[in-house]
Amino acid sequence: HGTQVMNQQGHLEIGGCDTVELASQFGTPLYIMDEAHIREICRQYHSSFVKGMENTEVVYASKAFLTLAMCRIIEEEGLGLDVVSGGELYTALQAEFTPKNIYFHGNNKSREELSMALNAEVGRIVVDNFYEMSLLNDLARERNQQINILLRITPGIEAHTHEYIQTGQIDSKFGFTLSNGTADQAIDLALSSSNLMLKGLHAHIGSQIFELDSFRHEVEIMVKYMADSQVRTDYRLQELNLGGGFGIYYASGDEPAKISDYAKTVRNALDEACQRHSFPWPKIIIEPGRSIVGTAGTTLYSIGSIKEIPGIRKYVAIDGGMADNPRPSLYQARYEAVVANRLNEEVKESVSITGKCCESGDMLIWDINLPKVKPGDLLAVLSTGAYNYSMSSNYNRLPRPGVVLVKDGHADVIVKRETHSDLLRNDVLPERLNHRQ
Ligand code: LLP
């Protein structure tokens, strides 16, 4: 992926940095983010959607991976930012991300989070439910502020990796249901709310989607609904946010589409739907998360203990695991890996990669073919840029790995490795338990 190559020593090199040197300089486990690759994908999105289509905005779903440095890259590449919590919003604001390019999502935003968004004057708040709508209108009225909103709609389709299904999907925690009249009520309430400016609708149909037809279907359903709403209310919704979900390559069998084909699908679907329903082209917003950072990330681990059960399995343990990458244990996610210090060696044996957490479910990769490894070798797990650092935990009191951003032979720490004392940062020992004094 990206700038990954094998150098003359047979080592994995990313962004011009030898990963063996990165391991000795920064330690392991280590998240490595390939800056040129992130920027290249941002540019593909920009040229396919923003330049290739009229009135389109690409907004990075920051839940996939967010740090101050990442905010800067996203802003420099001309993308907006989707945040879903006070913490993500705080990070964006601390990075001085332009507030009007921030979209604020979430199904249970608190009064404090909404106040923070109003103070910052973020571009759009995506209202999820009736409770939030009245809370937001009250807060905006108290401040004498007008706030631009989108309504999150549950459109009744759900995309799976290779297909989409029409679910009717009333049973979702997110958004206003389209099929049972709830979405109509939400539009009516928004239009009668004094301090809310209803700009348009939002929908998100799933994640890690390969089948572009799912997006075509989403466009058709949403444009039809926007056209029907205009007839019903005489108010024209101008913006359609299609959410994220574009899938990436993790392991064999994954067949991601091209970003340019994704844009083409959306454009053609819009053309057709707008014509069919006599509706003018809305402004289109998309919210890719995984596809911007997923393949740009690599996690570097040191191999430690190796346990062979003859005739059954060889367990190769690394110095991280489900605490820095919970996706295999959470979603049965599959990954590929290479031995970073011996790329040129012949693949010899099938092993299973296990983490160091105290449970048997802490398996990163089952049955992968690798060169014969020994303790001290470096394992690079690929495509770990999305939903790894952002979903990491301190389970078993493992300090979180650091994150380095590599480009043109330079490596900059963008998140420091946690130390053991960081783990105690918020621990408080009550006086009555402090026997040692
Ligand atoms: N917009 C909304 C409203 C979303 O809920 C999401 C993801 C996105 C955009 C970005 O979707 P993406 O382009 O990244 O697929 N933790 C899971 C993924 C959860 C996605 C949740 N929503 C994983 O590790 O696979």
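The values are calculated or read from the model by the stated rules, or taken from the named source; none is laboratory data. Predicted, not measured: the structure shown is a model, and the values here were computed from it. Positions of Cβ are generated from backbone atoms using ideal geometry, with glycine treated the same way; all protein chains shown enter the neighbour counts.
Do any strands (runs of 3 or more DSSP E) lying entirely in region 325-437 carry at least 1 residues that are within 16 Å of the ligand (Cβ to nearest atom) and in contact with a Phe, Trp or Tyr (Cβ under 8 Å, 6 or more places away or on another chain), and which ones are they?
Here the list reads 363-370, 378-382.
Looking at region 231-240, which of the residues that are among the charged types (D, E, K, R) and at negative phi is farthest from the ligand (Cβ to nearest atom)?
Among them, the one singled out is 232.
Would you please name the residue that is nearest to residue 29 (Cα to Cα), looking only at residues in region 303-322 that are small (Gly, Ala, Ser) and under 33 Å from the mean Cα position of the chain (by Cα)?
Among them, the one singled out is 320.
Specify the residue that is nearest to residue 211 (Cα to Cα); the eligible residues are those in region 230-264 that are charged (D, E, K, R) and within 21 Å of the chain's Cα centre (by Cα). Step through it out loud before you land on a result.
As a first pass, look at region 230-264 and keep what is charged (D, E, K, R): 232, 234, 236, 239, 254-255, 258, 261, 264.
Add one more test, that the residue is within 21 Å of the chain's Cα centre (by Cα), and what stays is 254-255, 258, 261.
Working: 254: 11, 255: 9, 258: 11, 261: 11 Å.
The residue in question is 255.
If a residue has to be farther than 15 Å from residue 287 by Cα, in a loop (DSSP other than H, G, I, E, B) and touching a helix residue (DSSP H, G or I) at 6+ places or on another chain (Cβ under 6 Å) to count, how many in region 51-90 make the cut?
2
Which of (1) assigned to a helix (DSSP H, G or I); (2) in contact (Cβ under 8 Å) with a residue 40 or more places away in the chain; (3) within 27 Å of residue 262 (Cα to Cα); (4) away from the ligand (no atom under 16 Å from the Cβ) does residue 22 not meet, given it meets every other one?
All conditions are met except number (3).
Over 26 Å from residue 289 (Cα atoms) and either in the same structural domain as residue 281 (by TED's automatic domain parsing) or not in a helix (DSSP H, G or I) (or both) - does that describe any residue in region 32-49?
So in region 32-49, the residues over 26 Å from residue 289 (Cα atoms) come out as none.
No, the conditions are met nowhere in region 32-49.
Name, by its number, the condition in (1) assigned by TED's automatic domain parsing to the domain that holds residue 407; (2) touching a residue at least 60 places away in the same chain (Cβ under 8 Å) that does not hold for residue 307.
In the conditions (1) assigned by TED's automatic domain parsing to the domain that holds residue 407; (2) touching a residue at least 60 places away in the same chain (Cβ under 8 Å), residue 307 misses (2) alone.
Is it the case, given these coordinates, that residue 278 is within 26 Å of residue 81 (Cα to Cα), small (Gly, Ala, Ser) and more than 16 Å from the ligand (Cβ to nearest atom)? First the steps, then the outcome.
On the way: within 26 Å of residue 81 (Cα to Cα): no; small (Gly, Ala, Ser): yes; more than 16 Å from the ligand (Cβ to nearest atom): yes.
For residue 278, the condition - within 26 Å of residue 81 (Cα to Cα), small (Gly, Ala, Ser) and more than 16 Å from the ligand (Cβ to nearest atom) - is not met.
Would you be able to say whether some residue in region 214-233 is at pLDDT below 95 and among the acidic types (Asp, Glu)?
No, region 214-233 contains no residue that is at pLDDT below 95 and among the acidic types (Asp, Glu).
Between 320, 355, which is closer than 25 Å to residue 66 by Cβ and touching a Pro at 6+ places or on another chain (Cβ under 6 Å)?
Selected residue: 320, the only one of 320, 355 that is closer than 25 Å to residue 66 by Cβ and touching a Pro at 6+ places or on another chain (Cβ under 6 Å).
Tally up the residues in region 241-253 that are within 13 Å of the ligand (Cβ to nearest atom) and in contact with a strand residue (DSSP E or B) (Cβ under 9 Å, 6 or more places away or on another chain), please.
So the answer is 8.
If you take the residues of region 279-301 that are surrounded by fewer than 20 Cβ atoms within 10 Å (Cβ to Cβ) and touching an Asp or Glu at 6+ places or on another chain (Cβ under 8 Å), which of them is nearest to residue 30 (Cα to Cα)?
The extreme case among them is 283.
Does region 215-230 contain at least one residue that is without any contact (Cβ under 8 Å) to a residue 60 or more places away in the chain, within 16 Å of the ligand (Cβ to nearest atom) and closer than 20 Å to residue 57 by Cα?
Checked region 215-230: at least one residue is without any contact (Cβ under 8 Å) to a residue 60 or more places away in the chain, within 16 Å of the ligand (Cβ to nearest atom) and closer than 20 Å to residue 57 by Cα.
Among the residues of region 95-118, how many are out of contact with any helix residue (DSSP H, G or I) (no Cβ under 7 Å at 6 or more places or on another chain), under 23 Å from residue 70 (Cα atoms) and surrounded by fewer than 17 Cβ atoms within 10 Å (Cβ to Cβ)?
The qualifying residues number 2.
So which residues in region 403-423 are out of contact with any strand residue (DSSP E or B) (no Cβ under 6 Å at 6 or more places or on another chain) and buried (at least 16 other Cβ atoms within 10 Å of the Cβ), if there are any at all?
Correct list: 407, 418.
Are any of the residues in region 254-262 of a type in the set (Gly, Ala, Ser), within 16 Å of the ligand (Cβ to nearest atom) and part of a loop (DSSP other than H, G, I, E, B)?
For region 254-262, residues of a type in the set (Gly, Ala, Ser), within 16 Å of the ligand (Cβ to nearest atom) and part of a loop (DSSP other than H, G, I, E, B): present.
Taking region 170-203 as the search range and keeping residues that are within 14 Å of the ligand (Cβ to nearest atom) and surrounded by fewer than 20 Cβ atoms within 10 Å (Cβ to Cβ), which one is modelled with the highest pLDDT?
The extreme case among them is 174.
So is residue 102 within 23 Å of residue 81 (Cβ to Cβ), within 13 Å of the ligand (Cβ to nearest atom), modelled with pLDDT of 95 or more and under 23 Å from the mean Cα position of the chain (by Cα) or not?
Working: within 23 Å of residue 81 (Cβ to Cβ): yes; within 13 Å of the ligand (Cβ to nearest atom): no; modelled with pLDDT of 95 or more: yes; under 23 Å from the mean Cα position of the chain (by Cα): yes.
When the stated conditions are applied, residue 102 does not pass them.
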